[in-house]
Structure formats: C-alpha cells, structure tokens
C-alpha cells in the first residue's frame, strides 16, 4: 500500500449505502465468495443464482455501510453489511486491506453485540475475524452459516 492509499484509508468517509452501491456490492461479493473453499466446487449456474438471491435478500433487510474516498463519494473502498445480530459480509478492496478500514466500519456500525456471526466463510474473512477479536476483545466472532 502506498502512502497515498494509507492516507485515503485514514480519511475515508463512512456513509450509509445507497442503491447505486449495490452493483459494486453484488460484484465484489460474488467474486470473493466464489473463491471460498466452501463454494469453489459448486456449479457456476447454481452458485451465482443462489448467491445473488442471498445477497439481494440481505440488502433488502440489513444495513449497508460504505467506506468511500472523501473526494469521490462514489469510489467505494470497502463495505460492511450487517444486522444487530450478524455481520453478513465485510469487503475491503485488496490494496486497502490490513490498514484498519474494516475496524473503522465496525466502529461506525450501530451495533455492538457480544457475539458476531459471519454467515459466509472466506479465507480473508477468517483473517479479519481474528484481527477484529483482538481489536474488540468484548466481542466474539464466529462462523455460522
């Protein structure tokens, strides 16, 4: 990550998600979850249909927080999709990972449960959960599909 990228994470604007963010959310979710060991061997048609429907339902019922470039609010750096009892998905663009952006999203979320469940298992998600447990010792992060 360059110094410019690091500064961008530091000053990232956290805002509520809007309808125009959904295309980015769908695309990033489908690509990153497709790479998960859990879904890697599922037939493409079945995977994309089921994953698309699942994300559509989550976007309709849960809260989307977006981290964006403060100078270009439509430039999404990452997002957090959650409900009071569950973190549905956290996605941070590769070049902005490991720099506190997910923690910043969690700090802005209007929830603070004792146990946070992740319904979608990915390798970056496991790494993130381990980091968040260190950052938020009062919370427990578990995978529960």
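The values are calculated or read from the model by the stated rules, or taken from the named source; none is laboratory data. In this text, all values refer to a predicted model and were calculated from it rather than measured experimentally. Methodologically, a virtual Cβ is constructed for each residue, glycine included, from the backbone with ideal geometry; neighbour enumeration extends over all protein chains shown.
More than 15 Å from the chain's Cα centre (by Cα), part of a strand (DSSP E or B) and at pLDDT 90 or above: is that true of residue 75 in this structure? Yes, satisfied.
Residue 82 falls short of the stated requirement of being within 21 Å of residue 134 (Cβ to Cβ) and either in contact (Cβ under 8 Å) with a residue 40 or more places away in the chain or in contact with a helix residue (DSSP H, G or I) (Cβ under 6 Å, 6 or more places away or on another chain) (or both). Against the conditions (1) more than 12 Å from the chain's Cα centre (by Cα); (2) surrounded by fewer than 17 Cβ atoms within 10 Å (Cβ to Cβ); (3) at pLDDT 85 or above, residue 21 satisfies every one except (2). Inside the stretch 32-41, can you point out the residues that are in a loop (DSSP other than H, G, I, E, B), surrounded by 14 or more Cβ atoms within 10 Å (Cβ to Cβ) and without any contact (Cβ under 8 Å) to a residue 24 or more places away in the chain? Within the stretch 32-41, just 39 meets the criteria.
Of the set (1) buried (at least 17 other Cβ atoms within 10 Å of the Cβ); (2) assigned to a strand (DSSP E or B), all apply to residue 51 but (2).
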